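The values are calculated or read from the model by the stated rules, or taken from the named source; none is laboratory data. Please read all numbers here as calculations on a predicted model, not as lab measurements. So basically every Cβ, Gly included, is an ideal-geometry build from the backbone, and we count neighbours across all protein chains shown.
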Amino acid sequence: MSEYTSTKEGFQRAMEWSLTGPASEAKDYVDGTTTKSFYHIMNNNRTEGDAYLKVIEEWRAKVGDYKPKVEEFLRDGDQLAARMIGTIKVEGIDTFFESFMFGKVEKESGKLEWLIERSVWGAVGKEPEHGTQ
């Protein structure tokens, strides 16, 4: 079973790894945490396969000072739920976020089969301006 989906601490490490490091190492993250058929739905937008890898590469290229904190985590059989908050610098702008995540974990590998995420974010000190609808 993958450490990244079995405990709150492991999921915390996975979330830190997702957007930390050079874009050239994004494939290691994707391969280490997701199945080949993985898909991600973020605020009703579905991304899978090579497109998901490209999204991770693009985000890694434009972010810095990423500080996610998994506040709540629940793993029950092949189901996973988590709530994460934090800050991230996106193209030089200090940004806060809050995400609610629900996923399915492959029993054999412990990797995510899919992840549905609902997030809001915006400039620190202001109301969220993204993901609010």
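For residues that are assigned to a strand (DSSP E or B) and surrounded by 12 or more Cβ atoms within 10 Å (Cβ to Cβ), tally how many sit in the stretch 75-85.
Number of matching residues: 7.
Do the conditions hold for G110, that is, is it in contact (Cβ under 8 Å) with a residue 40 or more places away in the chain and surrounded by 14 or more Cβ atoms within 10 Å (Cβ to Cβ)?
yes
Can you tell me which of (1) in contact (Cβ under 8 Å) with a residue 24 or more places away in the chain; (2) touching a His at 6+ places or on another chain (Cβ under 6 Å); (3) among the β-branched types (V, I, T) is the one I116 doesn't meet?
All conditions are met except number (2).
Among the candidates G103, G122, single out the residue that is among the small types (G, A, S) and modelled with pLDDT under 95.
Going through G103, G122 in turn, the sole match is G122.
Residues to consider are V63, V105, V124, V90; find the one that is aliphatic (A, V, I, L, M), without any contact (Cβ under 8 Å) to a residue 40 or more places away in the chain, in contact with a strand residue (DSSP E or B) (Cβ under 9 Å, 6 or more places away or on another chain) and surrounded by 15 or more Cβ atoms within 10 Å (Cβ to Cβ).
Step by step, each of V63, V105, V124, V90 is checked, and only V90 is aliphatic (A, V, I, L, M), without any contact (Cβ under 8 Å) to a residue 40 or more places away in the chain, in contact with a strand residue (DSSP E or B) (Cβ under 9 Å, 6 or more places away or on another chain) and surrounded by 15 or more Cβ atoms within 10 Å (Cβ to Cβ).
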